[in-house]
Structure formats: structure tokens, C-alpha cells
Amino acid sequence: MTPAILYYAIPVFVILVVAEWIYSYKESKNLYETKDAFSSMALGIGNVISGIGSKVLVFGSLTLVYKFRINTLDTSQWWVWILAFFADDFSYYWFHRVSHHVRFFWASHVVHHSSQHYNLAAALRQTWTGNFTGSFIFWLWMPFVGFHPLLVMLMQQISLIYQFWIHTEAINKLPKPIEFIFNTPSHHRVHHSSDLKYLDKNHAGILIIWDRMFGTFQPEEEKPVYGLTKNVNTFNPVKIAFHEWGNLSRDIARGGSIMNAVKYFVNPPGWSHDGHSKTTKQLREKIKS
């Protein structure tokens, strides 16, 4: 199994959360709410625990695909690592973008957006169900073309470690060349906003260039309002982890047909068969009309 470098990073994450919390208190920034922060950390712990089992599923799936690979990329070659970095980041972009446009995947990913605060603790607010419901399928093409499964999983961990530090309001905008190429706190604040202008933007992992290339980039202008368009209003980590699966089940039950049930799974969050809720696209069209 791949070296668990993400687990080694956890103590550093905790130290940085405490440091930002102290900074917030001393500077009267109000970046933290105690119950919210502890909910985020509990969800992070749950993610680590669920990850022990789900990593077996992920590694097994990657390994199975690798057996049918069309090529073998030699990890002793430096350029293979560069290719793996870009391949992983590209995969993450599409996983992340789809997770905002297909409700089945959103049901897991919504957990990460459930805090109404934007701080380093919120970076730890992670899903318990993502791997079990197939988020890893967006990376299966990598072992098929020849990337070793261990290299794929290592790159995934590097990406997650990078993304930790961008969950902060303590850093404003960075120099323009960095802002142009990399995902930064400014870009990611936009992504965590519930403002209609900012919804479903900036899906980058490490490189913001994918958003620029595929039309989902939005610069930070007005100060974002964080959270969901309909917030969960609970600090209970179990409820936060599973609330959208419950909502999805209830919507399917009242959908009235198998076709509507399928649409609830595959259509964007907010889609409803009777119009009682709206997707981001529908909300934007309503404003234009």
C-alpha cells in the first residue's frame, strides 16, 4: 500500500489550525466558531477512520485496472512523476467539477462545503462516504495508461496536503503569476461561497489553469458568504456526514416515477421534478429573465 504521507501531515494540520485560531482571537477576526471547528475536526477524524477501509477498495480497483494497462510508465524516470502530477490534478478537477453537477457525488462532497466559516479547520471537514460511492473512478484511467497504482494514490495525497493551506482568510491575494497558475486562498474562497455569482466555480486542486481552460474560473471580487444555499444548521458530525443522502432518499421517494428517481441521482443539486428547488443554472436564468 502507498506510504500514508497524508497521515504524517495531520499533526502539522492540527498545529496550524491552533495557530490560526489564536491569530483569529488576537486580531478579533472571528474566523472560528468553537462548535463548528470541533465539528470539522470530528468529520476529519471520521474521514481518516473510514479511509482505512475505503483505501483497500481504491487500491484494489486501481490495481485491477493496472493489470489491463496499455503501457508501463517507469517510475524511475523523472518525467513520469511530472506527468503523474498533471494527470492527477486534471483528474481531480473533473472529479470536483462533476461532484458539483451530479447529485449522487454531491451527496458526499457537500460535507466539505457545510461550514459557514472559512478556516483551516474547515479543510479537515471531509466526507465519510466518497470513496465507498466511487469518487475514485475519475482516476481509473491513470493505471490503464500505465501509471502504477501506488504513484496514483501518492499524487492524490500530495494534492490533498496542498489544498489544506488554501482554506484561510488570513492570506489575501498572492503575486499575480502565482494567482494565474496555482489554486490559492483567494480562488478557493470563491469556491466555498454560497453567493450565486460564485457557485460552481474554481474546482481546481493545485493548478487553477484547468478552470481557466474549461470556463469555470471566477476571480474573488466581493467578500464571499460561506456555506450552502440551504445550510444544514447542525454541528452534529454524523448528521452533517449523511444529511444529503437522507435528502436524496426523500426526494426519490416522492419523485413519483423511476425516471424521476434516476434524474435525482444524475441531475445537478437543486433539480426537482416539481420545481420546488432550483439548480444553479436555473437560478441564474431566473435572474436574467
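The values are calculated or read from the model by the stated rules, or taken from the named source; none is laboratory data. In this text the structure is predicted, and so the values were computed from the model without any measurement. Positions of Cβ are backbone-derived with ideal geometry, glycine not excepted, and every protein chain shown enters the neighbour counts.
Residues in region 58-69 that are in a helix (DSSP H, G or I) and either surrounded by fewer than 13 Cβ atoms within 10 Å (Cβ to Cβ) or among the hydroxyl-bearing types (S, T, Y) (or both): G60, S61, T63, L64, Y66.
Here S186 meets each of (1) closer than 14 Å to V111 by Cα; (2) polar (S, T, N, Q); (3) assigned to a helix (DSSP H, G or I) with one exception, condition (1). The number of residues in region 231-289 that are outside any loop (DSSP other than H, G, I, E, B), loosely packed, with under 14 Cβ neighbours inside 10 Å and of a type in the set (D, E, K, R) comes to 4.
The set of residues from region 242-257 being in contact with a helix residue (DSSP H, G or I) (Cβ under 6 Å, 6 or more places away or on another chain) and modelled with pLDDT of 95 or more comprises E244, W245, L248, D251, I252.
Scan region 150-182 for residues that are surrounded by fewer than 18 Cβ atoms within 10 Å (Cβ to Cβ), touching a residue at least 24 places away in the same chain (Cβ under 8 Å), out of contact with any Ser or Thr (no Cβ under 9 Å at 6 or more places or on another chain) and not in a helix (DSSP H, G or I) and the total you get is 2. Would you confirm, using the coordinates I've provided, whether G134 is closer than 14 Å to S54 by Cβ, buried (at least 20 other Cβ atoms within 10 Å of the Cβ) and either modelled with pLDDT of 95 or more or not hydroxyl-bearing (S, T, Y) (or both)? Criteria not met by G134. Whether a residue is touching a residue at least 40 places away in the same chain (Cβ under 8 Å) and not in a helix (DSSP H, G or I) was assessed, and K55 does not pass this test. Among the numbered conditions (1) surrounded by fewer than 16 Cβ atoms within 10 Å (Cβ to Cβ); (2) touching a residue at least 60 places away in the same chain (Cβ under 8 Å); (3) not charged (D, E, K, R); (4) not in a helix (DSSP H, G or I), the only one that N30 does not meet is (2). M142 meets all of the listed conditions (1) surrounded by 23 or more Cβ atoms within 10 Å (Cβ to Cβ); (2) within 21 Å of V48 (Cβ to Cβ) but one, namely (2).
In region 207-222, the residues that are over 16 Å from A87 (Cα atoms) reach residues that are aromatic (F, W, Y) and part of a loop (DSSP other than H, G, I, E, B) with C-beta atoms within less than 8 angstrom, at least six apart or across chains, in these pairs: Q218/Y198. If I go through region 79-111 residue by residue, how many of them are surrounded by 22 or more Cβ atoms within 10 Å (Cβ to Cβ), of a type outside the set (A, V, I, L, M) and either farther than 15 Å from K201 by Cα or in contact with a Leu (Cβ under 6 Å, 6 or more places away or on another chain) (or both)? The number of residues fulfilling the criteria is 5.
Restricting attention to helices (runs of 4 or more DSSP H) lying wholly within region 74-128, give those where 1 or more residues are out of contact with any helix residue (DSSP H, G or I) (no Cβ under 7 Å at 6 or more places or on another chain) and within 23 Å of T168 (Cα to Cα). Working first, answer last.
Working: elements: 78-99, 103-109, 120-123.
Those helices (runs of 4 or more DSSP H) span 78-99.
Pairs linking a residue in region 261-289 that is without any contact (Cβ under 8 Å) to a residue 12 or more places away in the chain and among the polar types (S, T, N, Q) to a residue that is assigned to a helix (DSSP H, G or I) and buried (at least 17 other Cβ atoms within 10 Å of the Cβ), with Cβ atoms under 6 Å and 6 or more positions apart or on different chains, do not occur. Going by the structure shown, is Q116 over 10 Å from the mean Cα position of the chain (by Cα) and within 21 Å of D36 (Cβ to Cβ)? Yes; evaluated as a whole, the condition is true for this residue.
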